[in-house]
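In what follows, a single structure is set out as C-alpha cells and then discussed.
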C-alpha cells in the first residue's frame, strides 16, 4: 500500500512504512499501519478484539532522561498501558524483556522490578512474565495485552473538521526529564499515569484518540496527517500545560510552547469528539470524576493555512509539524543542539493575530 | 515463594527468582514462575487461556551466531512461536520491537523484515506490529500471542518416573551456528522450525513439555529439577542427533554429546508421556505424519545416582546439569573458553557401563 504523502513527510512514518511494505498484514487485523496506538485483531470465539502493543525504552535511558532503574521500569509499563488506553482496551497483563547492564545487573534489576511492579499495581494489572538478557547498554521492552469490545475500540482515524479536541489532562510533564538532562534544575521524579480509567469513558464515544507518547505537537501533527484536518489549539498555554513544566520554561527563559513541542511525552490521551456531542460528553465525564482539558478544534485544511496553529495567547503561531518531528534525525541525537534548533523553529512561528475584519459600520443614527 | 533448591542450583533460575519475589503474580495466572515456556492466563469470557511469551535475541547476535539480519529475524520469530508450541497454543500473531544498529539501520531492517515475515509465513501467522529504535548494538524482541483450550494446555510440570521422554525431532542443529562462530567449517543457514503442528498433537496428551531453546541438556535438566525426576537417555546419540551436527563434531574431533549439551538450542519440543499411553500415542502421531524421536525414560531420583544420564552408547555418562548450565557465567561470554570448559566437563562424565550382574551359572549338565 503506498504511503499517504502527508504521512510520508515525517521521516519516522516513512521508515515505519518499510515494515508495512515487507510484512504481510493479518487478514483480520482491524487497524492499518499508523492508524492506532495498539494492534487490534479479533479474538477467536468472542465479540472482543485483542489489543497488543510493544515498546522499547532504550534511547531515553541513553539520553539520560531517567535517573534510576525504578523510573525506567515505571515508564516502560506506563508507555505500553497508555497505548492500550488509546484504543480503549482493558489490560490483561504485561510482559517485559529486560536487557541489564552487565556490570550492575542485579542492582539494576532490583530497581527495575520495583518500578515495573509499582506501575502495574497503580494500573490494577500485573507483569505476567518476561525474558532477561545482559548487554553493555540497558533496555526494557514492555508488551501490554488487553481486550476491548469491537464496537468500543478507539483508533487515530475518524476525526473531522469541526470536532472538538481534548487532552485527558494537562500536558508538558514529559518535558521535565528532558530539561533536567540538559542541565536545568528540575525537581521530582517522572511518574506518568496511563489514562486507562479515562479511556473507558471515551471508548465508543471519541471520534479519534492517540496518546502523547511523543509530545502534544507530534500527536496533533500525526492526527492531522491521518485525518486530513488541521488543529487550532485555541486554549491559552497556561490552561493546558502542567504548572511545573511552565515554571521550568519560565525559569530558564524558554518559550513555554517548547514543553509541548519536544518529543518526550507524558502519556496523556488526545482525543476528538463531534461538536454536537461535546457538551453531553463533558457532563458525562464530569459525573465520572474526569475533567478533560479542552484544547481547541479540528479545522478544514486550507492551502497555505498551516495544519497546526496555537491561537490562545494573542498571536497565531503556525507550526510545521513535519519540520519539528524531523529535527531529531537532523540533530543526530544531540539534546542541546536539538533544543536550540527547536527553540529557533518556534521563534519563527509567531505572527501577531491580525485584527478581525471590521464589521461594516452601522448606519450612524441621524 | 522460596525457590525450590533444585532449581536454585542453576544460576539462571536463581536470578529469575528475583523477578518472582518482586513482581506480584496475576491472581488467575495458571503457571508459576519457571513452570511453562509461555505465560498462561484465562481469557475473559471464554474457556480458553491466553498464552503469551517474549524473547530477546541480542547476545546471540553479539556472539556472532547469525551471519545476517534475515537469520536474526527468522530466529526471533521461531523462538517465540516455539514457546507457544511448548504450551500447546495456536498463535494469534506476533509483535516485534527492533533495535537497529545506527550506521546500517535501513539495510538491517530490510533483512530483518524478510526473516520475520518468512518465519511467520512458514508458521501460518503474522507480525501484527511493533516498535523501532536505534542503538549501537542491534537486538530484536519478539512477543508471540496465542490461545489454547484450558484443558489442553501443556506445562513443564507433570512428568513422573517411568514416563517415556521424546523429542519432536532430531536435536543438535542449534550447535551448528555456535561451531561456525568459533571458526569450524559449517555450511547452511540456521532456520529452525517451531513445532506448532506437532504441539497440537501433544496438547492434552503429554505429561510435560518444554522446548530446547537452550539445548537438550539444559531442557532435560530443568524438567528434572521441576518434576523431581531424573532422565536416562537410552537412545544412541546417532539416533537422536541431526546428521549435520554429528558430522561437524566428528570432523572437528569433538565429543558428539557436545552438540546436545551446548546452550544454543534448535527449538524442538521435549515432552513426556505416561508409559502405558506411549504406544497409542506413537500410533496416533504416526497417523498424523509426526514421527517423535524416543529419547529414553524418566527415572526416580536415587541419592548419588545422577539426574541426567546418557546410556545409549556403551557407557553410562552422568552429566551434572547445574555445572554445565552455570558454565556460561563462569566463562564470561568467551565462546572458545566455554567450548573448552564444556569439553573438559563432558570428558569427565564417561564411565564404562559395568557389566550386568552375572546370571547365576546354570547347573552344568552332568
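The values are calculated or read from the model by the stated rules, or taken from the named source; none is laboratory data. Since this is a predicted model, take the numbers as computed values, not measurements. Cβ coordinates were reconstructed from backbone atoms using ideal geometry, including for glycine residues, and neighbour counts include every protein chain displayed.
With respect to being out of contact with any strand residue (DSSP E or B) (no Cβ under 9 Å at 6 or more places or on another chain) and in a helix (DSSP H, G or I), residue B:186 falls outside the description.
When every residue of the range A:152-165 is checked against the conditions, at least one turns out to be assigned to a helix (DSSP H, G or I) and under 30 Å from residue A:44 (Cβ atoms). For the range B:318-344, a residue qualifies if it is touching a strand residue (DSSP E or B) at 6+ places or on another chain (Cβ under 9 Å) and either outside the structural domain of residue B:305 (by TED's automatic domain parsing) or free of Cβ contacts under 8 Å to residues at least 40 places away in the same chain (or both), and the qualifying residues are B:318, B:320.
Could you go through the range B:15-26 and let me know if any residue there is within 9 Å of chain A (Cβ to nearest Cβ), surrounded by fewer than 18 Cβ atoms within 10 Å (Cβ to Cβ) and under 20 Å from the mean Cα position of the chain (by Cα). Among the residues of the range B:15-26, at least one is within 9 Å of chain A (Cβ to nearest Cβ), surrounded by fewer than 18 Cβ atoms within 10 Å (Cβ to Cβ) and under 20 Å from the mean Cα position of the chain (by Cα), which makes the answer yes. In the set (1) part of a strand (DSSP E or B); (2) under 18 Å from residue A:34 (Cα atoms); (3) over 12 Å from the mean Cα position of the chain (by Cα), residue A:142 fails one condition alone, (2).
Here's a check for you: in the range A:1-17, which residue that is in contact (Cβ under 8 Å) with a residue 12 or more places away in the chain and not in a loop (DSSP other than H, G, I, E, B) is farthest from residue A:150 (Cα to Cα)? Taking the candidates together, the pick is A:11. Filter the range B:191-236 down to the residues that are part of a helix (DSSP H, G or I) and more than 24 Å from residue B:6 (Cα to Cα) and list them by number. Residues satisfying the conditions are B:196, B:197, B:198, B:199, B:200, B:201, B:202. Identify, from the list B:168, B:207, the residue that is buried (at least 18 other Cβ atoms within 10 Å of the Cβ), over 17 Å from residue B:115 (Cβ atoms), out of contact with any helix residue (DSSP H, G or I) (no Cβ under 7 Å at 6 or more places or on another chain) and outside the structural domain of residue B:85 (by TED's automatic domain parsing). Selected residue: B:207, the only one of B:168, B:207 that is buried (at least 18 other Cβ atoms within 10 Å of the Cβ), over 17 Å from residue B:115 (Cβ atoms), out of contact with any helix residue (DSSP H, G or I) (no Cβ under 7 Å at 6 or more places or on another chain) and outside the structural domain of residue B:85 (by TED's automatic domain parsing). Restricting A:76, A:105, A:137, A:85 to residues that are within 9 Å of chain B (Cβ to nearest Cβ), part of a helix (DSSP H, G or I) and touching a helix residue (DSSP H, G or I) at 6+ places or on another chain (Cβ under 9 Å) narrows the list to A:105. In the set (1) touching a residue at least 40 places away in the same chain (Cβ under 8 Å); (2) under 18 Å from residue B:133 (Cα atoms), residue A:20 fails one condition alone, (1). Looking only at the range B:328-341, filter to residues that are crowded, with 20+ Cβ neighbours inside 10 Å and within 16 Å of residue B:59 (Cα to Cα); which one of those is modelled with the highest pLDDT? Filtering the range B:328-341 for residues that are crowded, with 20+ Cβ neighbours inside 10 Å and within 16 Å of residue B:59 (Cα to Cα), the one modelled with the highest pLDDT comes out as B:338.
Filtering the range B:37-57 to residues that are part of a strand (DSSP E or B) and either more than 7 Å from every other protein chain (Cβ to nearest Cβ) or touching a residue at least 24 places away in the same chain (Cβ under 8 Å) (or both) leaves B:40, B:42, B:48, B:49, B:50, B:51, B:52, B:53, B:54, B:55, B:56, B:57. Identify, from the list B:63, B:112, B:128, B:134, the residue that is closer than 20 Å to residue A:139 by Cα and either without any contact (Cβ under 8 Å) to a residue 40 or more places away in the chain or in the same structural domain as residue B:203 (by TED's automatic domain parsing) (or both). One residue alone meets the criteria, B:134.
Residues that are at the interface with chain B (Cβ under 7 Å from one of its Cβ atoms) and buried (at least 16 other Cβ atoms within 10 Å of the Cβ) within the range A:115-133 comprise A:116, A:117, A:126, A:127, A:128, A:129, A:130, A:131, A:132, A:133, listed in sequence order.
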